[in-house]
Amino acid sequence: MTIEEIIDFVEGLDGALAIRPGPDDGSPEISWGDTFFFYSPEGVMPKATQPFATIVTKNQPGDERSRLDRPDTFRVNMAAGKESFINWTGHAPREPAIDDDPSVTDAVIAHPVYGSVGWLAVVNPGQRTGAAVRELLRNAHHLARSRIERRTGSTTG
């Protein structure tokens, strides 16, 4: 899977919004080249919510072990929810994890920084994880949509 394939897939989900920060939009330079996915049926950047998934293209502070500085390397990150997190990792988000190698490619792992809050990650998703990434993105979108609907008391069908 390429970054563009992932973005196209998520943008095909109802109410999904992809934000791609760059030098001309006032965003911090560390975010340039990355992509943030939100549930926003209005098509505008939500003010008080976190993304349900992200694509990062470089090492982040405190996350150098992922080695995203390798050529053509990126990571897709998904707010999986507790049940899905347990299904993939074999443990609850707040339980100690086996020492995963966060630089391994084409494998679903607990996010190296946000695993404790139920996020999963895949560096360079490929043949082994493509279907899983699509399912995890659908699930993360559904969870984000459900949170917004509960908060606003609305349903969008």
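The values are calculated or read from the model by the stated rules, or taken from the named source; none is laboratory data. Computed from a predicted structure; not experimentally measured. Here the Cβ positions follow ideal geometry from the backbone for every residue, glycine too, while neighbour counts run over all protein chains shown. With ligands, DNA and RNA removed, areas are computed over all heavy atoms of the protein, side chains included. Shrake-Rupley method; radii C 1.70, N 1.55, O 1.52, S 1.80 Å.
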Hits in segment 125-157 (condition: open to solvent by 40 Å² or more (accessible area, probe 1.4 Å) and in a loop (DSSP other than H, G, I, E, B)): GLN127, ARG128, GLY153, SER154, THR155, THR156, GLY157
Residue pairs meeting the criteria (Cβ under 8 Å; at least 6 apart or on separate chains; first in contact (Cβ under 8 Å) with a residue 24 or more places away in the chain and closer than 11 Å to PHE37 by Cα, in segment 10-22; second hydrophobic (A, V, I, L, M, F, W, C) and in a loop (DSSP other than H, G, I, E, B)): LEU17/VAL44; LEU17/MET45; ILE19/MET45
Filtered residues of segment 68-87 (kept if over 14 Å from LEU137 (Cα atoms) and either out of contact with any Gly (no Cβ under 6 Å at 6 or more places or on another chain) or not charged (D, E, K, R) (or both)): LEU68, ASP69, ARG70, PRO71, ASP72, THR73, PHE74, GLU83, ILE86, ASN87
Residues (surrounded by fewer than 20 Cβ atoms within 10 Å (Cβ to Cβ), in contact with a strand residue (DSSP E or B) (Cβ under 8 Å, 6 or more places away or on another chain), more than 13 Å from TYR114 (Cβ to Cβ) and of a type outside the set (A, V, I, L, M)) located in segment 37-56: SER40, GLY43, PRO46, THR49
Tally, over segment 78-135, of residues that are of a type in the set (A, V, I, L, M) and touching a residue at least 60 places away in the same chain (Cβ under 8 Å): 4
Residue among PRO21, PRO28, PRO61, PRO41 that alone is over 16 Å from the mean Cα position of the chain (by Cα) and either at pLDDT 95 or above or under 16 Å from GLU149 (Cα atoms) (or both): PRO41
Selection from segment 123-136 of residues that are of a type outside the set (Asp, Glu) and closer than 16 Å to ILE109 by Cβ: VAL123, ASN124, PRO125, GLY126, ARG128, THR129, GLY130, ALA132, VAL133, LEU136
Count of segment 63-107 residues which are open to solvent by 70 Å² or more (accessible area, probe 1.4 Å) and of a type outside the set (A, V, I, L, M): 15
Restricting segment 108-124 to residues that are open to solvent by 30 Å² or more (accessible area, probe 1.4 Å) and among the hydrophobic types (A, V, I, L, M, F, W, C), the residue that is farthest from THR57 (Cα to Cα): VAL117
